[in-house]
Each structure stands twice: as structure tokens, then as C-alpha cells.
Amino acid sequence: MVLKSLVLPSFYQDSVALMRVAQALRGEKGVREAAALMGTPSNHAILEQAGLARALGREAGPNDLILAVRAESEAAAERALAAARELLSRRRAVSGQGTAPAPRSLDGALRLLPGANLAAISVPGAFARREAMKALRRGLHVFLFSDNVPVEAEADLKREALARGLLCMGPDCGTAYLNGTLLGFANVVPPGRAGIVAASGTGLQAVASRLAALGEGVSQGIGTGGRDLTARVGGAMTLFALEALKTDPGTEAVVLLSKPPDADVLPRLESALGSLGKPAVVCCLGAGPPARGAGLWVETLEDAAGAAAALLQKKPWSPRPFADPKDIRARLARLGRGSGAGPGLLGLYTGGTLAHEAHLLLEPHLGWIPFNEEGGSSPHRIVDLGDDAYTVGKPHPMLDPEARAEWVRRAGRSRDAGVLLLDLVLGKAAHPDPAGALAEAVKEARAEAAKEGRRLVAVASVVGTASDPQGLAGQVARLEAAGAEVLPSNAQACRFAALLLKPGLAEKWLKGAA
Amino acid sequence: MSLIEGPLRVVNVGLELFAKELRAEGVEVVHVDWRPPAGGNPRLAGLLERLEELDQQEG
């Protein structure tokens with residue numbers, strides 16, 4: 001086995017570009033392992049850990065690109081590195097706008113596009129404040145995708161934004177719909193009457209997609225970042241966004257999705273909801289309705305969309321554990337009782353809000369479930385693979401499904417896991433075929449478990465629409481072909497997973513379904 | 001929405017993927033060929049930012 005590396009000095013590439021180069025390296029004949037990383041301290045540690053570090057690469061700095069391969073022969077390693085260089089030089093040639101080289105700064109970009117009104121910022125978190133502040137001071141609204149941004153920086157940015165009457169969506173804002181334009185990871189939904197204010201990404205995606213399935217659409221979808229309703233940030237952007245939707249003529253009903261607000265922020269939030277003058281649905285995952293106050297408070301993302309559609313369509317609505325209890329009974333009958341299955345549930349999520357929702361829905365039924373960290377006494381675990389802790393220097397798992405696929409395969413070898421709980425998020429900017437890698441891993445994991453006489457049930461839900469580039473029906477079919485049980489929403493997938501582990505819950509949830 | 005008049009016109013700083021998606025949607029977008037400032041050293045970049053802040057306050 002030969003280990004070879006190459007350093008390209010002053011050759012900064014973003015995390016998505018690096019992922020593509022690494023994939024290309026791994027795809028070359030004779031290559032066993034490969035990496036394409038900028039020479040930051042954390043990436044040097046990753047290379048050491050993977051056994052891919054070499055003296056040459058250790059000297060590389062954060063703006064230098066390191067390519068490293070372990071291959072069967074010297075020739076194979078050389079061939080792979082040459083192919084990667086070729087790919088990189090092609091990328092440089094086609095990037096930029098038309099024939100002119102891309103500007104190197106925000107001010108350079110503004111000279112090319114003087115009427116710009118929004119900056120989309122997705123640089124590494126350590127550098128995000130500087131770029132976002134510059135954009136706000138030039139009068140641009142900000143869509144801040146970057147994560148790992150300190151909360152103090154967030155509070156500063158939002159203060160600046162409010163003083164200028166601008167949106168600062170994020171940090172860690174994955175999705176927005178503004179004036180008919182989709183920003184970040186977004187599902188293709190029709191324009192419509194529902195205005196959504198949401199903490200970050202997948203909650204907004206789940207509700208927008210569900211609304212589309214119910215015949216509605218989105219007027220505006222404004223992200224705020226997951227920490228907006230904390231005491232430190234004070235609900236700055238949520239309150240500002242609600243005010244904007246109040247006066248937006250295209251918005252007939254408002255949906256607010258968030259984590260539980262800080263006790264000091266809640267009264268201001270309630271007062272803003274009370275003065276909207278439009279019906280509002282509130283889903284603060286983990287918080288019930290306050291004693292008094294405006295808005296229809298619901299427990300799940302699916303219910304938020306259902307309630308909003310019903311309000312708009314002037315139809316009655318009430319929450320239900322399963323949309324089709326008969327289908328659930330049929331699935332349970334087909335699967336039979338959990339003979340030989342492990343006792344534990346392993347939730348592997350790419351969507352943070354979906355992971356959080358699963359945790360809240362399942363703990364009352366399964367007992368304590370460790371979130372992200374490994375649990376000592378609990379057989380269960382839910383992991384949000386898009387969490388900051390798992391994405392430093394790496395693309396989000398919605399862009400690179402391989403990271404999760406490895407976790408799924410490991411679950412096949414685990415004695416604990418009986419039920420795998422999964423999400424799959426489609427839409428613009430997401431991987432072109434996320435179900436492909438996941439389905440393959442699920443199939444392998446199930447086969448691995450079966451070899452040892454264990455049964456591993458995969459339960460999944462898909463956030464997406466028929467108009468998404470990946471196509472909802474095809475992605476669902478791929479997962480089903482791999483033996484996964486695909487439920488119509490995350491909440492229903494969670495309840496179905498709970499039923500597999502605690503069959504007694506059927507009494508409560510499936511009463512009356514033949 | 002009165003907050004933003006007319007269609008979005010976007011400056012993209014960071015993942016080039018987002019600029020490509022917007023262009024495909026027909027949105028006017030300029031992508032910035034961004035590199036980490038101060039040679040990618042976050043501490044030096046922080047100092048640089050503080051100097052810029054001082055400039056801003058004085059200017």
C-alpha cells in the first residue's frame with residue numbers, strides 16, 4: 001500500500017468542492033482511502049487519525065489544499081492525484097460569472113451587482129461575523145448559513161440588522177423563501193398564503209412540503225437561527241419577522257416554528273402573535289401552549305402544517321397520531337412481533353429540527369434517550385448528524401449522505417439496535433439522490449443483522465415534494481425497496497418506531513382501527 | 001413583502017453551490033471567490049475585524 005500526498009498552496013476550496021474532489025479521488029481505480037482538506041489544525045488531526053498524514057502535508061496552512069491518497073500502487077496514487085488536479089483546474093475555469101473572474105470581496109461583487117439586496121453567507125463560522133456585518137452595513141439583508149458562530153456575534157449582528165431594518169436570518173439558517181426565491185436547502189413548493197417563521201432549516205422544509213401536499217403554498221419563509229428565542233438574542237429576528245408578515249399582503253396565516261422561548265422572551269412573543277391580525281399556528285417543539293395567549297399551539301411539525309391548511313381552508317382540524325391507522329395495523333401484522341430484535345432505537349438524523357422533534361415525541365414512551373452523546377444505561381440514542389459537532393470542516397450530511405451511511409452500516413453490527421429511525425430531506429441544494437446511499441446502507445445493515453439472527457427494522461420519513469429535483473415518489477420507492485418502512489411524516493415514523501418497541505401503545509393510538 | 005421590494009438580487013459568499021442553485025432559478029447572483037482572511041488564522045482574522053470595527057466607529 002502506498003501513501004501519497006500533494007499540497008496546493010493558496011488554493012482555498014469550500015467544503016462542498018472538497019467533498020467532490022475527495023469523492024473523485026476515492027472513485028479512481030486502486031484507491032483505498034483519500035482525503036481533500038484545507039490545512040486547518042482540525043483537518044490535520046483528521047488526517048492523522050485516518051492515517052493519511054505525511055510530513056509534506058503537515059506544513060500546509062488553512063489556505064493550502066492537501067490531497068492525500070492511500071492506493072494499491074505508486075502508479076494508482078499518482079493517477080488519482082493527477083485526476084484530482086485536473087478536476088480542480090476545470091472547476092476554476094468554469095466558476096465565476098461568465099468570462100470575468102469572480103470578485104474577491106463583497107465590495108467587488110456590489111460593483112458588479114449594484115442593486116443587490118441580499119447576501120447569502122456560508123463561510124466557516126469563525127469568519128462569518130465579519131462577512132455578515134459588512135453585508136448589513138452595505139444595506140443588504142443577510143441569509144447566514146454558517147454554523148459554529150458564537151452567540152455574542154449573533155446578538156451583535158441582529159442588533160445591527162434591526163437598527164437598519166434588515167433581516168439577519170441565522171446563523172445556522174438552512175432555508176428561506178423570500179419573494180418567491182428559494183434560499184439554501186429548500187423544497188420546491190408553490191407560492192401561497194402561509195407565511196412561516198422558523199428557527200432553522202428542516203422544520204421549515206417539513207412544514208412547507210406538507211402544506212404543498214395539502215394544496216397550500218408559502219408566501220414567505222423566514223429563518224431566524226435556532227438561538228433566536230434565547231435570553232441572549234431576545235427573539236430579535238422572530239419578532240421582526242412576525243412584524244414583516246403582519247403587513248405582508250400575500251400572507252393570510254402565519255406559522256411559527258421554534259424551540260421553547262426563554263421565559264423573558266415569551267411575553268413579547270405572545271404579544272406579537274396577539275397583534276398579528278391574522279390566524280397563527282405555533283409549534284414550539286418542547287413547549288405546550290402558555291396559559292393565555294394567541295395562536296393555535298400544536299405539538300408537531302405535521303400538525304403545524306395540518307392546522308395552518310385547515311385554518312386557510314376554513315375546515316375543522318384535530319391532531320391524530322396516525323393519518324391511516326389501518327395501514328399501521330397492516331404494517332405491524334406484516335412485520336410480526338419483534339422476534340430476535342435488539343431492544344434499542346437508534347435515530348440517525350440529517351435534519352436538526354426533525355431529530356429534536358423525534359427526541360421529544362419518543363422520550364415519554366421509551367424513557368430517557370441520550371441525544372447526540374452515547375448513553376450509559378439507555379439502549380436508545382438519537383443523533384443529529386447535522387449538529388455543529390459533526391460538521392466542523394465537513395459538508396452537511398444533507399450534501400454528503402456517506403457520513404450517515406457509515407453509521408447505518410455500524411448499526412447492522414450492533415447488538416443493541418432493533419429499530420433504526422431515519423429522515424431523508426430532499427430539495428434544492430441537497431444531494432441529487434440521498435435515498436441511493438441510504439437505501440444501500442440500510443440493505444447492508446439489515447443483511448448483516450440477519451446473518452446473526454437479529455432483525456433490524458428501518459423506519460423512515462421523507463421531507464420533499466413531487467416538484468423537488470430528486471422527486472418524492474422515486475426516493476420513497478428506493479427506501480421501500482431496501483426494506484424500510486416509510487411513513488408519511490417524522491411524527492408518524494416516531495410513533496410507529498415506538499409501537500415496534502412498545503406494542504402496548506397500540507391500545508392508545510390504534511383504537512378502533514380494524 | 002414591503003421589507004424587500006421586488007425580486008432578490010444576491011451576493012453569494014461561501015459555498016458556490018448556492019450561487020449555482022440561485023442562477024438556475026433565474027435569480028441575479030454574483031458569487032464572491034472568498035478566501036479566509038489573515039491566512040486563515042482565526043485569531044489574526046479576529047484582530048483584523050476589531051481594527052475594521054474601530055475604523056468604522058471613527059469614520
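Some points to look at:
- Take every pair of alpha-carbon atoms less than 8 Å apart whose residues are at least six positions apart; their mean separation over the length of chain A yields a relative contact order of 10 percent.
- Share of carbon and sulfur in the accessible heavy-atom surface of the range A:106-313 [1.4 Å probe, %]: 54 percent
- A straight line joining the Cα centroids of the range A:29-63 and the range A:353-370 runs 37 Å.
- Residue A:145 - accessible surface, heavy atoms, 1.4 Å probe, Å² rounded to 10: 40 Å²
- Cα-based shape type of the range A:325-509, given that a ≥ b ≥ c are square roots of the gyration tensor eigenvalues and the cut on a/c is 1.5: rounded
- Gyration tensor verdict on chain A (Cα atoms; rounded if a/c is under 1.5, prolate if a/b is larger than b/c, oblate otherwise): oblate
- Distant-in-sequence amide contacts of residue A:119, defined by a placed amide H-H separation under 5 Å and a gap of 5 or more residues or a different chain, comprise A:141, A:142, A:143, B:11.
- Set A:259/A:428; A:134/A:278; A:158/A:314 screened for pairs whose C-alpha atoms are more than 32 Å apart: A:134/A:278; A:158/A:314
- Positive-end residue, the protein assembly as shown charge dipole about Cα centroid, Cβ charges, pick of A:505, A:438, A:284: A:505
- Loop-located GluC sites (Glu not before Pro) in the range A:438-469, at most 13 other Cβ atoms within 10 Å (DSSP): A:452
- Amide H contacts of residue A:65 (H built 1.01 Å from N, under 5 Å, at least 5 apart or other chain): A:8, A:10, A:11
- Sparse packing (at most 13 other Cβ atoms within 10 Å of the Cβ) combined with a DSSP loop state is found for the following trypsin sites (Lys or Arg not before Pro) in the range A:268-334: A:292, A:314.
- Distance-filtered residues of the range A:442-474 - backbone nitrogen under 19 Å, label point 7 angstrom along residue A:480 Cα→Cβ: A:442-443, A:457-468, A:470-474
- Ellipticity at 222 nm from helices only: DSSP H runs of n ≥ 4 in the protein assembly as shown, each -39500 (n - 2.57), divided by the residue count, give -12500 deg cm²/dmol.
- Taking only the Cα atoms of the range A:2-94, the radius of gyration and Dmax are 11.9, 34 Å.
- Per residue, the range A:325-509 exposes 39 Å² of solvent-accessible protein surface, assessed with a 1.4 angstrom probe and all protein chains in place.
- The range B:9-58 - percent relative contact order, Cα under 8 Å, separation 6 or more: 30 percent
- For trypsin sites (Lys or Arg not before Pro), the sites in the range A:433-514 that DSSP calls loop and that have at most 11 other Cβ atoms within 10 Å are A:511.
- Residues residue A:247 and residue A:213, FRET efficiency given R0 of 22 Å [Cβ-Cβ distance, rounded to 0.05]: 0.15
- The range A:2-94, accessible area per residue, ligands and nucleic acids excluded (1.4 Å, Å²): 48 Å²
- A 1.4 Å probe, protein heavy atoms only, puts the accessible area of residue A:327 near 50 Å².
- Classified by the C-alpha gyration tensor, the range A:241-365 has a prolate form. Its axis ratio a/c, with a ≥ b ≥ c, is 1.5 or above, and a/b is larger than b/c.
- For the range A:166-191, residues shielded by at least 50 square angstrom of accessible area compared with the chain on its own, probe 1.4 Å: A:179, A:181
- Centre-to-centre separation between the Cα atoms of chain B and those of the range A:135-185: 11 Å.
- Accessible area in the full protein assembly, largest first, 1.4 Å probe, for A:137, A:54, A:79: A:79, A:54, A:137
- Between residue B:2 and residue A:271, the modelled label-to-label distance comes to 2.0 nm, taking each label 7 Å out from Cα in the direction of the beta carbon.
- Rounded to 10°, Cα long-axis angle of helix B:42-58 versus longest principal axis of chain B: 90 degrees
- Close amide-amide hydrogen proximity is noted between residue A:255 and A:195, A:196, A:197, A:281, each under 5 Å apart and 5 or more residues distant or on a separate chain (H modeled in the peptide plane; Pro and chain starts excluded).
- Per residue value of the accessible surface for the range A:106-313 (all protein chains in place, 1.4 Å probe), Å²: 31 Å²
- Take the accessible area of chain A alone and of chain B alone, subtract that of the pair, and you get about 4700 Å² summed over both chains, using a 1.4 Å probe.
The values are calculated or read from the model by the stated rules, or taken from the named source; none is laboratory data. The model shown is predicted, which means the values in this text are computed figures rather than measured ones. So basically every Cβ, Gly included, is an ideal-geometry build from the backbone, and we count neighbours across all protein chains shown. Note: accessible area is taken over every heavy atom of the protein model, side chains too, but ligands, DNA and RNA are not part of it. Shrake-Rupley method; radii C 1.70, N 1.55, O 1.52, S 1.80 Å.
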